[in-house]
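Student: Okay, handing you the structure first.
The values are calculated or read from the model by the stated rules, or taken from the named source; none is laboratory data. Only a predicted model underlies this, so the values are computations on that prediction, with no experimental measurement involved. FYI the Cβ positions are ideal-geometry reconstructions off the backbone, even for glycines, and counts take in every protein chain you see.
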Amino acid sequence: MPQALKIAVPKGSLYADSVAALGRAGLDIQGLSDPGRQLRVCSGDVEFYIVRPSDVPVFVSYGGVDCAICGRDSLEEAALDVIELVDLGFGACRFVVAEPEAANRPADADYQRLGVMRIATKYPRITARYFDQQGVQVDIVKLHGNIELAPLSGLAERIVDITATGTTLRENRLRIVSEVMASTARFVGNIASVRTDPRIRELAQRLGEHK
Amino acid sequence: MAMLPVTPRGFRDVLPEEARLREGIIARVQRRCSLWGYAPIETPTLEVLQVLEQGGKLAHQPFRLFDADNELLVLRPDVTLPIARMVATRLEAALPLRLRYVQPVFREQEQLQAQARERTQIGVEALGLHGAAADAEVVLLLCEALAACGLRDFTVAICTVGVLRELLDACLRDSDLGEDWRNRVLRACHESNLVTLDGLVSDARLDARYAQALRKIVTLSGGGEAIAACQAIATPLGCADGLDELAASWEIIEAFAGGHVRVDFSVMSAFDYYTGLVLEAYAPGVGVALGSGGRYDGMLSAYGLDAPAVGFAFSLETVMQALVAQVGDDGQPQTPDLQTVEVVETDPVAAFRRAGELRAAGQRAVLQVADEGAAGAVTTGAGATAAPGAATATAATPDSATPAPAAPGATAAPATVTATAATPASAATAVPSTNFGTEVPECPKR
């Protein structure tokens with residue numbers, strides 16, 4: 001009797017699309033439509049775990065779950081060992097560098113004189129890698145949410161954040177300076193699970209066929 | 001304020017219960033490898049960084065330090081590179097060689113990653129041996145070693161990197177894609193990032209046949225049919241390097257591995273030094289590989305000796321995690337009961353002699369000295385008790401102590417042996433004692 005297949009589903013903006021994709025792939029997702037405060041939903045030989053998006057790579061990498069749906073943003077930031085199986089296409093967003101529309105002084109001018117720029121972000125690893133590639137020296141401040149406040153308050157000159165439509169940035173009078181990378185939702189598996197449990201590759205196949 | 005008496009992060013003490021389990025596993029695995037003709041070796045804890053890097057890219061971040069000569073040293077992050085160095089420089093004449101080892105390795109890890117920075121590697125290297133039979137030998141020995149650890153449920157996934165390397169060579173030859181593209185494909189394969197791989201092979205400059213082959217091959221897994229499927233894809237493109245050899249190994253492996261081995265072309269592992277067979281071992285309940293290995297025919301030549309080599313290594317700690325996860329495991333060593341012999345002040349020699357006799361007979365005997373815990377103790381007087389199932393022993397002394405209370409389950413009529421019965425002859429003929437417990441069944445299920 002095989003053990004239940006453990007699947008992590010990300011809370012938040014990817015949740016509805018993730019559940020729909022799992023449904024199209026033939027899984028029984030009834031319990032996921034309104035789980036209430038329940039964080040684990042059992043359905044036949046599948047167990048769903050409803051996990052905070054940035055924690056999904058941790059659950060997968062350490063084998064807490066066998067597989068998961070997870071945004072590329074979280075995967076890149078966590079930089080943990082997982083097997084990336086399918087690009088699911090939904091949850092598209094962009095990582096961008098942004099600064100206030102009406103800055104007193106342009107950040108570039110300050111950078112000329114100071115030699116370093118302060119960047120606020122929820123994604124310090126992606127941010128560091130991007131600016132290293134650009135050859136720009138930055139001091140990175142990690143925040144946990146509402147990154148837009150950092151340049152508005154003067155905490156940092158610029159931010160690196162994800163945006164789907166750009167609305168939040170516009171409403172906070174921030175403009176995009178450059179693009180860091182694009183992200184979509186991925187189906188990922190734990191290395192040991194993928195190599196030992198054929199159900200994961202089968203699920204990957206079905207998810208790929210029913211995008 | 002005094003510092004908390006802690007160990008460095010990722011380094012830890014091993015207390016007796018765990019240490020005994022480790023000792024038993026190591027002894028059984030070493031016995032297995034010895035039966036296959038592998039000889040033990042040790043390499044130094046510290047190596048010269050530049051010398052190690054000469055053999056290949058270090059797959060793990062090592063601890064570095066400068067010594068008094070200003071030499072940049074590393075604590076060994078693995079054992080394969082040091083063995084390649086050792087064999088190429090000191091054992092050339094002895095090839096072919098089959099070597100085994102149990103050594104700690106040291107690797108830097110970021111904070112809060114739940115990763116040890118010191119772990120014990122158990123492994124073998126077969127040097128100067130090439131061909132399918134040598135590959136099969138190493139795969140089968142890994143299976144026997146994992147079974148000797150007490151694991152019942154594990155999988156060894158094998159494939160060859162030859163086909164991927166040839167395909168990429170052909171891609172570069174027949175298009176204007178460059179080294180950068182090749183490296184990105186190799187990294188995507190190493191990370192098993194099929195999404196990135198798909199993006200890279202969708203490059204318009206690449207012939208569609210190669211793109212299709214690269215996409216398909218990494219999804220193949222199973223048994224001999226997976227190798228055949230890979231051959232069907234790669235042979236028309238002239239890129240079937242290593243597949244015949246893998247098929248020949250598989251024929252041997254399949255006959256003896258008891259279903260523990262499968263072919264999986266997604267195991268395009270890893271380190272750039274692998275040239276043929278690659279393998280990884282997994283067990284349920286553990287999210288990481290127990291160990292890995294493969295063929296690295298180019299590494300010794302980096303040290304000036306042109307000789308092939310193949311080997312594996314696994315982490316003792318990860319295997320123990322898997323053992324704990326496998327409920328009902330019966331691979332744990334049974335430690336024979338421990339007998340206690342009290343040292344009586346008036347005649348301590350008798351107790352030492354008595355304990356010596358017990359040990360000569362293959363039993364475990366601990367001396368109870370001075371004020372050591374009295375309850376349940378065996379005395380060297382007329383009355384004595386033993387732990388359940390063990391023969392009771394008595395060292396006869398003139399002024400016998402009162403009999404100690406019998407341990408639960410002790411035999412009603414213990415056999416009594418007197419201290420004077422011990423002679424050098426009887427000790428010499430006795431079975432040698434062991435601390436490792438009994439051997440467990442050693443072979444994988446067949």
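Student: Would you be able to say whether some residue in the range B:151-158 is within 30 Å of A:SER61 (Cα to Cα) and in a helix (DSSP H, G or I)? Please lay out each step first, then the result.
Tutor: From the range B:151-158, those within 30 Å of A:SER61 (Cα to Cα) are B:151-158; that's our starting set.
Okay, now just the ones that are also in a helix (DSSP H, G or I), so none.
No, the range B:151-158 has no match at all.
Student: With the condition kept exactly as written, say whether any residue in the range B:141-157 is modelled with pLDDT of 90 or more and in contact with a Ser or Thr (Cβ under 7 Å, 6 or more places away or on another chain).
Tutor: yes
Student: Answer yes or no: is there a residue in the range A:13-25 that is touching a residue at least 12 places away in the same chain (Cβ under 8 Å), under 30 Å from B:GLN109 (Cα atoms) and outside the structural domain of A:GLY154 (by TED's automatic domain parsing).
Tutor: Looking for residues that are touching a residue at least 12 places away in the same chain (Cβ under 8 Å), under 30 Å from B:GLN109 (Cα atoms) and outside the structural domain of A:GLY154 (by TED's automatic domain parsing), one finds none in the range A:13-25, hence no.
Student: Turning to a different aspect of this structure: Hey, can you tell me all the residues within the range B:289-316 that are assigned to a loop (DSSP other than H, G, I, E, B) and farther than 14 Å from B:ALA59 by Cβ?
Tutor: B:LEU290, B:ASP297, B:GLY298, B:GLY304, B:LEU305, B:ASP306, B:ALA307, B:PRO308, listed by residue number.
Student: Could I ask something else about it? For B:ALA116, are the conditions met, namely being under 30 Å from B:GLY258 (Cα atoms) and either surrounded by fewer than 21 Cβ atoms within 10 Å (Cβ to Cβ) or under 16 Å from the mean Cα position of the chain (by Cα) (or both)?
Tutor: Taking the combined requirement at face value, the residue does not satisfy it.
Student: Which one of the conditions (1) free of Cβ contacts under 8 Å to residues at least 24 places away in the same chain; (2) of a type outside the set (D, E, K, R); (3) at negative phi does B:THR89 fail to meet, given that it meets all the rest?
Tutor: The failed condition is (1).
Student: Taking the stated definitions as given, is B:ILE41 surrounded by 15 or more Cβ atoms within 10 Å (Cβ to Cβ), in contact with a helix residue (DSSP H, G or I) (Cβ under 9 Å, 6 or more places away or on another chain) and over 26 Å from B:GLY298 (Cβ atoms)?
Tutor: When the stated conditions are applied, B:ILE41 does not pass them.
Student: Moving on to the next point. Go through (1) surrounded by 13 or more Cβ atoms within 10 Å (Cβ to Cβ); (2) over 19 Å from B:TYR273 (Cβ atoms); (3) at pLDDT below 95; (4) among the hydroxyl-bearing types (Ser, Thr, Tyr) for B:THR7 and report which single condition fails.
Tutor: Failing condition for B:THR7: (1).
Student: Every residue in the range A:146-190 that is surrounded by fewer than 23 Cβ atoms within 10 Å (Cβ to Cβ) and of a type in the set (S, T, N, Q), please.
Tutor: Result: A:ASN146, A:SER153, A:THR163, A:THR165, A:THR167, A:THR168, A:ASN172, A:SER178, A:SER183, A:THR184.
Student: Can you list residue pairs whose Cβ atoms sit under 8 Å apart, with the first residue in the range B:260-280 being not assigned by TED's automatic domain parsing to the domain that holds B:CYS189 and part of a loop (DSSP other than H, G, I, E, B) and the second being surrounded by fewer than 24 Cβ atoms within 10 Å (Cβ to Cβ) and at pLDDT below 80? Count only pairs 6 or more apart in sequence or on different chains.
Tutor: none
Student: Same structure, new question: Among the listed residues B:LEU186, B:LEU168, B:LEU146, B:LEU141, which satisfies the condition of being away from every other protein chain (no Cβ under 11 Å), in contact with a Leu (Cβ under 8 Å, 6 or more places away or on another chain), surrounded by 22 or more Cβ atoms within 10 Å (Cβ to Cβ) and part of a helix (DSSP H, G or I)?
Tutor: From the options B:LEU186, B:LEU168, B:LEU146, B:LEU141, the qualifying one is B:LEU146.
Student: Can I ask one more? Kindly indicate the residue of the range A:65-79 that is within 26 Å of A:PRO151 (Cβ to Cβ) and touching a residue at least 60 places away in the same chain (Cβ under 8 Å) and also surrounded by the fewest Cβ atoms within 10 Å (Cβ to Cβ) among those meeting that condition.
Tutor: A:GLU76
Student: Name, by its number, the condition in (1) within 23 Å of the chain's Cα centre (by Cα); (2) crowded, with 19+ Cβ neighbours inside 10 Å that does not hold for B:PHE265.
Tutor: (1)
Student: Can you tell me which residues in the range A:80-92 are surrounded by fewer than 21 Cβ atoms within 10 Å (Cβ to Cβ), touching a strand residue (DSSP E or B) at 6+ places or on another chain (Cβ under 7 Å) and either farther than 17 Å from A:LYS211 by Cα or at the interface with chain B (Cβ under 7 Å from one of its Cβ atoms) (or both)?
Tutor: If the condition is that a residue be surrounded by fewer than 21 Cβ atoms within 10 Å (Cβ to Cβ), touching a strand residue (DSSP E or B) at 6+ places or on another chain (Cβ under 7 Å) and either farther than 17 Å from A:LYS211 by Cα or at the interface with chain B (Cβ under 7 Å from one of its Cβ atoms) (or both), then A:ASP87 is the only one that fits.
Student: Can we say B:ALA281 is within 14 Å of chain A (Cβ to nearest Cβ) and out of contact with any Asp or Glu (no Cβ under 6 Å at 6 or more places or on another chain)?
Tutor: yes
Student: A further question on this structure: Among the residues of the range B:189-209, is any within 26 Å of A:CYS67 (Cα to Cα), surrounded by 14 or more Cβ atoms within 10 Å (Cβ to Cβ) and more than 14 Å from chain A (Cβ to nearest Cβ)?
Tutor: For the range B:189-209, residues within 26 Å of A:CYS67 (Cα to Cα), surrounded by 14 or more Cβ atoms within 10 Å (Cβ to Cβ) and more than 14 Å from chain A (Cβ to nearest Cβ): absent.
Student: Tell me yes or no: at least one residue of the range A:7-22 is crowded, with 20+ Cβ neighbours inside 10 Å, closer than 19 Å to A:ALA192 by Cα, of a type outside the set (Phe, Trp, Tyr) and within 14 Å of chain B (Cβ to nearest Cβ).
Tutor: There is at least one residue in the range A:7-22 that is crowded, with 20+ Cβ neighbours inside 10 Å, closer than 19 Å to A:ALA192 by Cα, of a type outside the set (Phe, Trp, Tyr) and within 14 Å of chain B (Cβ to nearest Cβ).
Student: Check whether at least one residue in the range B:295-307 is on the phi > 0 side of the Ramachandran plot, buried (at least 24 other Cβ atoms within 10 Å of the Cβ) and either at pLDDT 90 or above or within 14 Å of chain A (Cβ to nearest Cβ) (or both), and report yes or no. Even if it seems obvious, please write down each step before you answer.
Tutor: Taking the range B:295-307 as the starting set, the residues that turn out to be on the phi > 0 side of the Ramachandran plot are B:304.
The next check asks that each one be buried (at least 24 other Cβ atoms within 10 Å of the Cβ); those that pass are none.
Checking the range B:295-307: not a single residue is on the phi > 0 side of the Ramachandran plot, buried (at least 24 other Cβ atoms within 10 Å of the Cβ) and either at pLDDT 90 or above or within 14 Å of chain A (Cβ to nearest Cβ) (or both).
Student: Evaluate the range B:190-201: report whether one residue or more is touching a residue at least 60 places away in the same chain (Cβ under 8 Å), closer than 26 Å to A:GLY208 by Cα and among the polar types (S, T, N, Q).
Tutor: So far as the range B:190-201 goes, yes, one or more of its residues are touching a residue at least 60 places away in the same chain (Cβ under 8 Å), closer than 26 Å to A:GLY208 by Cα and among the polar types (S, T, N, Q).
Student: May I pose another question? Would you list the strands (runs of 3 or more DSSP E) that sit entirely within the range A:93-211 and hold 1 or more residues that are more than 14 Å from chain B (Cβ to nearest Cβ) and among the charged types (D, E, K, R)?
Tutor: Ranges flagged: A:93-100, A:117-121, A:138-142, A:158-163, A:174-183.
Student: Modelled with pLDDT of 95 or more and closer than 30 Å to B:LEU290 by Cβ - does that describe any residue in the range A:10-24?
Tutor: For the range A:10-24, residues modelled with pLDDT of 95 or more and closer than 30 Å to B:LEU290 by Cβ: present.
Student: If you go through the range A:86-105 one residue at a time, do you hit one that is closer than 24 Å to B:THR219 by Cα and in contact with a Gly (Cβ under 6 Å, 6 or more places away or on another chain)?
Tutor: Yes, the conditions are met somewhere in the range A:86-105.
Student: Restricted to the range B:52-109, and to residues that are of a type in the set (Gly, Ala, Ser) and surrounded by fewer than 16 Cβ atoms within 10 Å (Cβ to Cβ), which residue is nearest to the chain's Cα centre (by Cα)?
Tutor: B:ALA94
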